[in-house]
Structures are given as structure tokens and as C-alpha cells.
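The values are calculated or read from the model by the stated rules, or taken from the named source; none is laboratory data. Here the structure is a predicted model, which is why all the values come from computation and not from measurement. Counting neighbours? That spans all protein chains shown, and the Cβs are built from the backbone with ideal geometry, glycine included. With ligands, DNA and RNA removed, areas are computed over all heavy atoms of the protein, side chains included. Shrake-Rupley method; radii C 1.70, N 1.55, O 1.52, S 1.80 Å.
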Amino acid sequence: MDTPHSDLEAIRQILADLTTRIYRIERRLQMDAATADTRPATAAKPVLPTPSAETSSLSMQAETQVPRVARDDNPATPRMSYVVRAHSEPDLEARIGSHWLNRIGIAALLIGISYFLKFAFDSNWIGPAGRVTIGLLAGIAMVAWSERFRTRGYMAFSYSLKAVGVGAMYLSVWAAFQVYALIPNSVAFVMMLAVTGATAAMAWAQDAQILAAFALTGGFSTPILLSTGQNREVALFAYVAILDLATLVLVRFKPWRRLLVMSYGGTLLLYFGWYFRFYNRSELNLTLAFATLFFAIFAIAPLITLQPETEPPLLASIPAVVAFVNASVYFLQAYAMIQEVDKTYMAWFALALAAVYVVLSRQVHNRSIAPGASERLHFLHLALAIGFITVAIPIRLDAHWITIGWFVEAGVLLWVANRIESDFLNVFALGALALGVVRLLLVDNFYTTQLIFNLRMATYAVAVAVLGAVAWYASKREDDSARTVAAVAVVALNALALIALTWEVADYYPRQMVAVRPARSMPARPMQSAAAYYYTDLRHFDIERDFTYSALWMAYGAMLMVVGFFRRSAFVRWQALILIAATIVKVFVYDVSQLDRGYRIVSFIVLGMLLLAISFVYQRDWLQLSATTAARHKIESDAGA
């Protein structure tokens with residue numbers, strides 16, 4: 001009677017010896033592969049322990065079954081490194097077989113169980129209470145059975161069985177409430193909450209992120225499965241907040257960042273599902289309070305999530321993505337609700353959000369976050385703060401005040417960026433400046449009644465001042481990008497100044513025409529008609545305006561040339577030359593055919609005198625602009641010294 005027991009013990013001993021030998025061989029292979037580049041090519045053979053006498057024959061058989069690539073005497077051979085690599089990185093076939101087939105099997109099994117339950121329901125084989133009880137017991141048994149596989153190392157298969165068991169329990173409770181009405185809503189909710197809590201507890205105890213994902217999926221599915229079609233905002237959002245806080249605790253102590261995405265996605269799904277069906281203006285305060293609570297949870301989450309030692313770049317970016325999407329969605333939620341009441345409140349709301357993200361950007365440095373993630377979150381929060389300030393300006397202001405607001409914002413950002421030496425803020429300053437310039441040129445439509453001292457000229461003056469500050473700050477730096485920014489700023493500055501002055505000329509003469517017409521109601525000559533009289537006035541003002549354009553451009557070009565000479569700036573002189581060239585083309589092509597004789601004579605004489613003066617300065621080389629003159633003066637000064 002003891003023979004079977006003795007055989008069983010012998011078999012166990014043999015298996016233990018084989019396991020030990022395989023473990024030592026694998027360790028040896030890994031050590032050899034790690035040191036293959038530093039060890040000599042002719043390494044000594046590893047000495048394996050001698051098997052015991054009673055298991056020698058079986059051990060020899062097991063040893064002969066080990067692939068020869070694993071027994072290669074040369075540890076530096078490519079074949080051995082292939083084995084190690086294949087052992088550490090499963091190929092596509094293994095992944096499909098071990099993971100994807102399991103997941104498809106879970107879905108197929110759940111569908112099969114559902115069809116079976118439906119068939120059993122239709123055939124009345126089992127009563128409603130019996131069906132629900134069988135489903136619950138089957139789910140519990142499957143979860144318990146999965147533990148047997150987990151303890152033996154079959155983790156993926158164990159988690160698959162747990163998913164099936166947990167899903168069967170949720171379906172059974174749902175059927176008990178929605179299909180058979182065996183239990184009230186409160187009891188069904190408590191039962192599903194117990195399943196969710198038990199799954200989360202297993203995830204914590206077994207350090208299994210996938211079980212936590214099962215728990216979250218079931219938790220966010222519970223309100224949908226138990227929905228009665230009634231508006232229960234407080235109960236729904238309080239439950240969602242509890243789930244979000246539980247997720248916050250998990251990611252604080254476990255490096256399970258995927259749960260943030262799942263929790264945030266579930267929150268948005270339930271929130272918008274309720275919002276589009278039940279929300280009305282009377283629920284503004286309560287709904288905004290819950291939206292703010294959800295926003296606060298996911299705004300804090302990126303600061304406290306536990307970061308694993310090594311993770312792929314995609315997972316490392318999850319906190320930043322959640323922070324950005326959370327800020328954007330919350331602002332849009334609040335805007336949709338608040339703008340119906342008072343749009344002005346929304347501007348102050350955007351400024352308050354900007355202040356919140358400024359505080360969060362400072363808190364990032366006080367947290368134990370990896371350097372790369374810390375810098376990424378810091379700049380993201382700062383960018384969100386600047387973005388909300390930029391958005392608040394058009395919400396609160398109107399028309400040209402939006403443009404002025406963006407220019408002022410650009411100036412402030414520029415000043416702060418240079419005080420703290422932040423290229424990041426410089427980029428946003430240039431962005432706000434670009435927004436203001438585009439709006440000034442393409443959107444703003446000014447109505448002015450006064451020359452020079454009007455709101456349009458003030459707006460252009462603010463733009464010119466900010467561009468001047470950009471050029472000044474950039475000129476103090478030595479890098480190529482800063483010099484490029486300075487050059488673009490100077491060109492834009494001169495272009496805007498010239499456009500502003502040209503607009504003043506364009507508006508001045510129509511105002512004069514309107515002022516003159518009522519004062520002259522009768523024609524100047526008895527035989528001249530009123531239409532011919534008005535046409536004469538119009539023609540006269542058009543000629544004066546065209547001549548003023550030429551005079552203005554010539555004067556501005558001359559001013560740029562003088563500045564370029566005294567600043568010794570070829571860049572400014574080239575701008576002057578281009579503007580003067582454009583004026584030459586206008587005078588010779590347009591003015592010669594459109595202007596009256598007197599204006600035509602003045603235009604050509606003034607232009608000729610200006611060109612001769614500039615040419616004389618270049619020929620005399622008083623400012624020593626040419627390379628030859630500069631070299632000669634340098635030689636003379638050196639000789640005198």
C-alpha cells in the first residue's frame with residue numbers, strides 16, 4: 001500500500017531536482033549573455049552540480065532534452081543571445097496566444113453565458129430566483145477557481161477567469177433588478193458596490209492593475225445598469241466622485257496611471273449622459289459644484305501619481321494629457337452653463353482658472369516628481385494659465401479693446417519672461433502679439449472723427465511699443481533666433497507705423513469732403529451743374545490724397561535712412577531703400593498720370609532732391625560705411641598710435 005505513496009514522493013523529488021537544474025541553467029545563460037562582451041571568447045565550461053544517484057537516469061534524460069543552444073560552451077555566440085532575447089521579449093505569436101486569445105475568449109464566454117441565460121429564461125427551465133442565484137454562485141466559484149491558477153503562475157489565465165466571474169456577478173444582479181424585479185434598486189446598488197469593492201481589494205492585495213481596471217469598469221457601469229430613467233443628480237455625481245477619489249488613492253500608492261484615463265473617461269461619460277438629458281438652468285449651481293469637484297480631483301491627480309522607475313513615453317505622458325484635457329473640458333462645461341446667465345462672469349471665471357494653474361505650476365516643483373515629468377507639468381500648467389488669460393480678454397472686452405488687451409498681455413509676458421529668463425514665456429508673448437496684430441489688420445474696423453489723436457492710432461501705438469520692446473530685448477541676446485526675432489520685430493514695427501499713418505491720410509480727406517459739401521450748396525459758376533461741381537471737389541480731394549501718400553512715404557523713408565546712417569544699421573537702411581523704391585515706382589507710374597501739373601512738379605522735385613541727398617551721403621561716405629574707408633581709417637589710427 002505504501003508503493004504508490006513512495007512513487008509519488010520520488011516523482012516530486014525528481015521534479016524538484018529538474019526545476020532546480022533548469023533554474024540554474026537559465027541564470028547561467030542570463031549571466032553569460034550580460035557579460036559576453038567583456039569575457040574572453042574561450043571561457044571555461046560551467047560546471048553543473050552532479051545529480052543524486054537515485055535520479056541520475058531521469059536527470060540525464062531531462063538534460064538531453066534541453067536545447068543545444070542553451071548548452072553552448074561559448075557564451076558570446078549569437079545563438080545564446082537569441083535565446084535570452086526570445087526569453088525576455090515574447091514574439092507576436094506568444095502575445096496573441098497568451099493575451100489576445102484570452103481576451104477574445106472572455107468576450108466569447110460572456111456572450112455564450114448571456115445566450116444560455118436567455119435560452120434558459122425563454123424555456124422556463126429555472127425560475128427567476130434560481131437563475132440569478134446560479135449566476136451569482138457561478139461568478140463567485142469562477143473567481144475562487146482562478147486563484148488556483150494564480151498560485152501556480154498562470155497569471156493571465158487567472159485574470160481572464162476573474163473577468164468572467166466578475167462579469168457574471170454584475171449580469172446576475174442586473175437581471176435580478178431590471179429583468180425580474182426581484183430586488184429593489186438600493187439592494188442591487190449595494191450588491192454591485194460590493195462586487196466592485198471586492199474586485200478593488202483583490203487588485204490591491206495582488207498588486208494587479210488589470211483587476212483594478214475590472215473594478216473601475218464595473219463601478220462606472222453600475223449607474224448605467226441600474227438606471228431607472230429618473231433625474232438623481234446628487235446620488236449619481238456623489239457616487240462618481242467616490243469612484244474618482246478611490247482612483248486617486250490607487251494612483252497615489254500604485255504606479256497605475258492607466259486608471260486615470262479610465263476614471264476620467266467614465267466620469268465624462270456619466271456626466272455628459274446626464275447633462276444632455278436632464279440639465280436645465282435651475283440646476284446651475286449644483287451642477288457647476290459637481291463639475292468643479294471632478295475638475296479638482298483630476299487637477300490634483302497628476303501631482304500625486306506614483307511614477308514607476310521605467311515606463312514607455314506614452315504612459316509617461318498620461319498625467320500631462322489628463323491635466324490638459326481636464327482643464328479644457330471643465331472650461332467648456334462652465335462656459336456652456338455660465339454664458340447663458342452673464343457672459344461677463346465667464347471672463348472672471350477664466351481669470352480665476354488662470355490663477356489656479358499658476359499656483360499648480362508652482363506646486364509641481366514641491367512634489368517628488370521625476371525631473372522630466374516635473375518640467376513638463378510645470379510648463380503645461382503655465383501654458384494653461386496664459387491660455388485662460390488670453391481667452392478671458394475677448395470674453396470680457398469688445399471690438400478693438402480685445403486687440404489692446406492682447407497687446408498688453410504680450411507686453412507683460414515679455415517683461416516677466418526677461419525678468420526670469422524664460423524662453424517658454426517669450427514664445428507665449430510672441431503668440432499673444434501675433435494674435436493682436438492679425439486682429440488689428442484683418443478684423444478691427446475703426447470709425448474715427450479726429451486726426452491722429454484717436455483710438456485707432458492709440459491701438460497702433462500700443463502695437464508699435466510692444467514690437468519695439470521685443471526688438472530691444474532680443475537685441476541684447478547673442479543667439480541667432482533672437483537676432484531673427486529682433487529683425488522681424490523691427491520690420492513689423494515700421495510696417496504698422498506706416499500703415500497707421502496711411503490710414504490717417506485715407507480718413508482725413510473724406511472727412512474734409514463731407515465738411516465742404518454742405519457749405520457749398522450752389523455751384524461756383526452759373527452754368528456749372530451741381531453734379532459737375534461735386535465731381536470737381538471729389539477729384540480735387542483725390543489728387544491731394546494721392547500726393548500726400550507719396551509725401552508721407554518719402555518722408556518716412558528719409559527718416560529711416562537718417563536713423564540707419566546714425567545707428568550704422570544696414571538693416572534699417574535697406575528698409576528705407578525699399579520704401580523709397582516703392583515711392584519712386586508710384587511717382588513715375590501713377591502720379592505722373594493722375595496728379596495735376598503743380599502736384600506732379602512738386603512730387604518729382606522733392607523725390608529728386610531726396611534721392612540726390614541720399615546718393616551724396618553714400619558717395620562722401622561721411623559715416624565710413626564702406627569697407628575700404630573703414631580699413632583705411634583703421635590703418636591710419638594704428639599708425640598714429
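Key figures for this structure:
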{"quantity": "Computed accessible area, residue 9, all protein chains, 1.4 angstrom probe, square angstrom", "calculated": "80"}
{"quantity": "Residue-level accessible surface for residue 508, protein heavy atoms, 1.4 Å, Å²", "calculated": "80"}
{"quantity": "Simple spin-label estimate for residue 114 and residue 252 in nanometres, 7 Å along Cα-Cβ", "calculated": "3.7"}
{"quantity": "The range 338-452, dipole about Cα centre (Lys/Arg Cβ +1, Asp/Glu Cβ -1), debye to the nearest 20", "calculated": "240"}
{"quantity": "Cleavage-rule hits (chymotrypsin sites (Phe, Trp or Tyr not before Pro)) in the range 438-498: DSSP loop, at most 13 neighbouring Cβ within 10 angstrom", "calculated": "447, 453"}
{"quantity": "For residue 182, solvent-accessible area (1.4 Å; no DNA, RNA or ligand), Å²", "calculated": "80"}
{"quantity": "Pairs of alpha carbons in the range 398-471 whose separation is greater than 19 Å (percent)", "calculated": "34"}
{"quantity": "567, 511, ranked by accessible area, largest first (probe 1.4 Å)", "calculated": "567, 511"}
{"quantity": "For the range 335-345, Karplus couplings with θ = phi - 60° (6.51, -1.76, 1.60), whole Hz, Gly/Pro x", "calculated": "4, 4, 8, 7, 5, 5, 8, 7, 5, 5, 4"}
{"quantity": "Separation in nanometres of the label points that stand 7 Å from Cα toward Cβ, at residue 499 and residue 233", "calculated": "4.7"}
